[in-house]
Amino acid sequence: MIYSAWLKKLQSFLIIIFTWVISAQTDVPRPRGVSLSKASLYSPTKDFTCFDGTSTIPFSYVNDDYCDCFDGSDEPGTSACINGVFHCTNAGHRPQNIPSSQVNDGVCDCCDGTDEYATPEVCSNTCEELGKEARAKAQHLADLHKAGNFIRLELIEKGNKKRQEMAEQLSQLEKDKAEAQKIKEEKEALKNELEAKENEALQVYRDAEEKERQKKEEDERLKQEKEASEQFSRFDSNNDGVLTVDEIKVGNIFDKNKDGEVDAEELQYFLGDKESVNKEDFMSITWPLLKPLLMMEQGMFRPAEAEGTEEAEDEEAEDVPRVEDLDNTGSEDDNLDGDLSHDDAEEHETEPDSTKTYDDETQRLIDEATEARRQFMDAERAMREIESNIRNFQQNLEKDYGLQQEYATLDGQCLEYEDKEYVYKLCLFQKVTQKSKNGGMEVGLGDWGEWAGEEGNKYSVMKYTNGVACWNGPNRITMVNIHCGLETKLTSVTEPYRCEYKIDFTTPAACDDSNYMQQQTSHDEL
């Protein structure tokens, strides 16, 4: 019993001591404008040392309306120092620090009015009222974060599930890629094998066609030589093997402009600088120039200037070649053969002519090779699709969807906001666009870039960059400020600076109530 009574007395004594300590802390004497946390630096029993350590002065110099310290720390309660700081206690509301230059300036900066102590009647104490409003607002935000956090937890669960599914799908795609690569190689080997057999069979036809073509060329050459030789003999009236100027002037066919005579310009055209031409030169040089004129005279084709005169005549003569369609060095057939490019020739060798008729065995080889090519193309296409899907999954898995994947399910979700002139669209983690209500193309305001929130609150701002360039300006960028809300929606869009857009966006994904309470506690401590 004695021990119990002694223990009760000790407890009472400790309570008294504890109460005295708390009271002493809250009633610590300190100069005007000094916060409780800095009160120990202003001891009236000793000299005051400036915060920057450059000088030590008598304590009586503190708040004497004269700036002794370069950092202004000796004048927290007066406006003597331009860089001083005055602390508003603001009991009932949040404490506040203001520049000491605002002390006694006639403006009420502190809600408790302590910054205007020289004229106390100017300011009334509104801290209780403001504190009540602030606490009500804080409570509303706390309730909002608490309610939104339930949805956020669901988003986190779905986000992690989505990430796990993407990882599993990527793993499966890697396996599919290996299998698709194997199938592609098999199809390619089969295609090459069947194409070799097809090419061997088609070569027989190509050789025959080449032989036939060479024969036609030789026949045509002989025909041209015979025709040229006959025409030479026609104009070589003295049969001396040389066609002279006089003999040419006799031939009306050499009169190109049909003015009744062969003039010097026409002689120059057919003979060059020579006075005559032998049979060999006539056949190689003069005859290619003369033949179109002869054919025109015989009505075998029309001159270029006759085009479009009468449609009926065109229809009747549509199979008759024009002068400019003929190559001076050969026949119409020669020109057609000459139009085949090297690439066309190669394609001719690998692809059979579908208009031709082949024997049954060759046709079977062609059909098998054609099917093999189709299967190889399908295998290639399947391989490209798998590789594209792999890249997409890899990019998505590398994206930062928040500390707990809370933003993962929002990837690709598009939201719109309209003002008087434009419709804005935000596709999360992809792009931002703007379109006029009067029509026209969408204008890119930026592609997904990165999280750009300040330190400690990284996931409060999204940054979209490299939008369409402004006229004579930079590329457009968009900053998306994220706020807690029970709905995922856009609440405002502005352009505070040229080519720089700001979007306010609410979502339950931002309603982290534990982080919010931590931030509020940190803010209150400050």
task = Step through the residues of the stretch 497-507 one at a time and calculate ³J(HN,Hα) from phi using the Karplus curve (6.51 cos²θ - 1.76 cosθ + 1.60, θ = phi - 60°), rounding each to whole Hz and writing x for Gly and Pro.
result = 10, 4, 6, 10, 10, 10, 10, 9, 9, 10, 6
message = How big is the dipole moment of the stretch 401-526 about its Cα centre under a simple scheme where the beta carbon of each Lys and Arg is +1, that of each Asp and Glu is -1, and everything else is neutral? Debye, nearest 20, please.
response = 640 debye
inquiry  = Can you say what percent of the DSSP beta bridges in the stretch 395-515, counting only those with both residues inside, are antiparallel? Round to 5.
reply    = 80 percent
request  = Anything over 24 Å Cα to Cα? Flag those among Lys463/Lys489; Lys158/Lys489; Lys399/Lys435; Lys420/Lys502, in the order listed.
outcome  = Lys399/Lys435
ask   = How big is Rg to Rh over the stretch 38-159, alpha-carbon atoms, Rh as the Kirkwood inverse-mean-distance radius?
value = 1.21
inquiry  = So, taking all protein chains as they sit and a 1.4 Å probe, how much accessible area belongs to Ile477, in Å² rounded to tens?
reply    = 40 Å²
query = Taking the Cα centre of the stretch 21-174 as the origin, how large is its charge dipole in debye, to the nearest 20, when only Lys and Arg (+1) and Asp and Glu (-1) carry charge on their Cβ atoms?
reply = 900 debye
remark   = Between Leu486 and Glu230, the two model label points (7 Å from Cα along the beta-carbon direction) sit apart by a distance in nm of 10.3 nm
task = Provide Rg over Rh for the stretch 379-505; use the alpha carbon set for both Rg and the Kirkwood Rh (inverse mean inverse pair distance).
result = 1.02
message = If I model a spin label as a point 7 Å beyond the Cα along the Cα-Cβ vector, how far apart are those points for Asp64 and Glu209 in nm?
response = 11.3 nm
message = Given a Förster distance of 41 Å, report the FRET efficiency between Met296 and Lys356 from their Cβ-Cβ distance, rounded to the nearest 0.05.
response = 0.70
remark   = Residue span Arg135 to Asn238: 0.36 nm per residue of separation minus Cα-Cα distance leaves a gain in nm of 24.4 nm
ask   = Given 0.36 nm per residue, what is the gain on full extension from Glu265 to Arg32 after removing their alpha carbon distance, in nm?
value = 72.4 nm
query = Taking Lys211 as the anchor, which lysines have their alpha carbon closer than 25 Å to its alpha carbon, excluding any fewer than eight residues away along the same chain?
reply = Lys197, Lys223, Lys226, Lys356
ask   = Quick one: with all protein chains in place, what share of the accessible area of the stretch 388-526 is carbon or sulfur, to the nearest percent (1.4 Å probe)?
value = 45 percent
query = How large are Rg and Dmax for the stretch 107-173 when only the alpha carbon atoms are used, in Å?
reply = 25.1, 78
inquiry  = Probe radius 1.4 Å, ligands and nucleic acids ignored: give me the carbon and sulfur share of the accessible area of the stretch 68-123 as a rounded percent.
reply    = 56 percent
remark   = On the formula 1/(1 + (r/R0)^6), with r taken between the Cβ atoms of Ala39 and Glu450 and R0 of 56 Å, the FRET efficiency rounded to 0.05 is 0.80
request  = Using a Förster distance of 45 angstrom, determine the FRET efficiency expected from the C-beta separation of Glu371 and Asn475, and round it to 0.05.
outcome  = 0.35
inquiry  = I'd like the accessible area for Arg373, computed on protein heavy atoms only with a 1.4 Å probe and all protein chains in place. Round to 10 Å², please.
reply    = 30 Å²
ask   = Hey, if you put +1 on the Cβ of every Lys and Arg and -1 on every Asp and Glu Cβ in the stretch 44-151, which of Thr49, Ser124, Gly72 ends up farthest toward the positive end of that dipole?
value = Ser124
Residue-wise HN-Hα coupling along the stretch 406-419, computed from phi with Karplus coefficients 6.51, -1.76, 1.60 (Hz; x: Gly, Pro) = 5, 9, 4, 6, 8, 4, x, 6, 10, 10, 10, 9, 10, 10
request  = With a 1.4 Å probe and every protein chain left in place, tell me how much accessible area Phe429 has, in Å² to the nearest 10.
outcome  = 10 Å²
query = Based on the inverse mean of 1/r over its pairs of different Cα atoms, what is the Kirkwood hydrodynamic radius of the stretch 31-103, in Å?
reply = 12.2 Å
note = Semi-axes of the stretch 180-296 from the Cα gyration tensor (sqrt of 5 times each eigenvalue, largest first, whole Å) come to 55, 17, 11
remark   = Full extension between Ser436 and Asn83 adds, at 0.36 nm per residue less the Cα distance, a length in nm of 122.1 nm
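The values are calculated or read from the model by the stated rules, or taken from the named source; none is laboratory data. Keep in mind the model is a prediction, meaning the values are calculated, not measured. All Cβ positions, even for glycine, are placed from backbone atoms using ideal geometry, and neighbour counts span all protein chains on display. Accessible surface areas use protein heavy atoms only, side chains included; no ligands, DNA or RNA. Shrake-Rupley method; radii C 1.70, N 1.55, O 1.52, S 1.80 Å.
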